[in-house]
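Colleague: After the structure tokens below, expect a handful of questions from me.
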Amino acid sequence: MGIRDWGLGIGEGHGRSQFPIPNPQCLPLTMPELPEVETMRRDLEALADQAVVARVQVLDEKVIQGSARAFARGLKGRRFVSFGRRGKVLILGLEPQAGRGLVTAPTPDVVLLAHPRMTGHWLGLEPEHELSRFARVVLHLDSGRRLVFDDSRRFGRLELVRGNCDDACLLRNIGADALQVDEAALGAWLSRKRVAIKVALLDQRGVSGIGNIYASEILFRIGLDPRTPSCRVTKAEVAAIARETERVLGESIEYRGTTLMNYRTANGDQGAFRRKLRVYGHEGEPCRRKGCGGTVKRIVQGGRSTYFCSHCQRTGRRRR
Ligand SMILES: [Zn+2]
């Protein structure tokens, strides 16, 4: 892996990790979901708002969507001005650095999209911190701080687009954000699907941002069997899904996400929501719903683990 540097100088020493990979928890390997990406978004805003990218190092071109050279040239000299997100995709706006006497451009002219996929995350490193061996892209800020896209499994992607980002590769087939679910649209979409509701909730074309952990948690909280065919989910259940999605994801954001094997926030720490999970990772334990008496089971749906209680999670009896 060669170090590419399109910046003001050549790449510096590529030392080993300041932040070792955390000890594997009892949770299976899983990936960042909306709360983790929202936590990254907030951390990045705190770390980089109004910072100028002085230099760009692409250590691994695989994580760049399109030309790495154009990516680096497009970012250099621009200032971070907005920090958005849709589902699990970060949408970071940059504008040209205003020179003396120049008026700052009113809107971002370049957008940096970042999809963490399995193990991607951002770290904010001070000058004394060393890069991990999984560092893929380093943005040197004018403050001396570095923003590092770190990704052990290299499925994460960064994409730089000019102007409108609606046509960006990373936003193709991404539905409405899970924190802004439109019940009617979700109901209409589910009514056309024949797959199990758990599988449908993971399909980012319907709702973007719900992943494997939260899909199990949401369905447990509303008492719906994850094997229920999507087209049989009732209107009342759609409303409950929308409500609990917002509640569960909102709570998790407050706790800075869930502790996952390969996920850390931009400050290098781990999310604390794991302790709040009611079914995910609790196979064989008594169901936590008061008076249920059932046992949490694990099944595999669409190649992914689903945790649920078959005693209190039922298929809706009412048809729409
Ligand atoms: Zn139960």
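Every read-out reported here was derived from the displayed coordinates using simple, explicitly stated rules and does not represent laboratory data. What you see is a predicted model, and the numbers here were worked out from it, not measured in a lab. As a convention, Cβ positions derive from the backbone with ideal geometry for all residues, glycine included, and neighbour counts pool all protein chains shown.
Colleague: Residue by residue through the stretch 184-198, what is 3J(HN,Hα) from phi via Karplus (6.51 cos²θ - 1.76 cosθ + 1.60, θ = phi - 60°)? Round to whole Hz and write x for glycine and proline.
Modeller: Once rounded to whole Hz, the list reads 5, 5, 5, x, 5, 5, 5, 5, 8, 9, 9, 6, 4, 4, 4.
Colleague: In what order do L59, L179 fall by count of nearby beta-carbon atoms within 10 Å, going from fewest to most?
Modeller: Working: L59 21, L179 18.
In order of increasing Cβ crowding within 10 Å: L179, L59.
Colleague: Could I ask something else about it? Determine how many Å³ per residue the convex hull of the Cα atoms of the stretch 176-309 encloses. All intermediate terms of the calculation are to be shown ahead of the outcome.
Modeller: Numbers: hull volume 14.9 nm³, N = 134.
Taking the convex hull of the Cα positions in the stretch 176-309, it is 111 Å³ per residue.
Colleague: Now for a different question. If I model the stretch 39-149 as equal point scatterers sitting on the Cα atoms and use the Debye formula, what is log10 I(q)/I(0) at q = 0.13, 0.17 Å⁻¹?
Modeller: With one equal scatterer per Cα and no solvent, log10 I(q)/I(0) is -0.46, -0.80.
Colleague: Once amide H atoms are built 1.01 Å from N in the peptide plane, which residues 5 or more positions from A51, or in another chain, come under 5 Å H to H?
Modeller: F80
Colleague: Let me ask another. What does the convex hull of the alpha-carbon atoms of the stretch 182-251 project to on average, in nm²? Intermediate results must be reported in sequence, preceding the final value.
Modeller: Working: hull surface 15.5 nm².
Quarter of the Cα hull surface area: 3.9 nm².
Colleague: How large is the translational diffusion coefficient of the stretch 270-316 in µm² per second when you combine the Kirkwood radius over alpha carbon pairs with Stokes-Einstein at 4 °C and 1.567 mPa s? Don't jump to the answer; show the numbers that get you there.
Modeller: Values: Rh = 11.5 Å.
It diffuses with D of about 112 µm²/s by this estimate.
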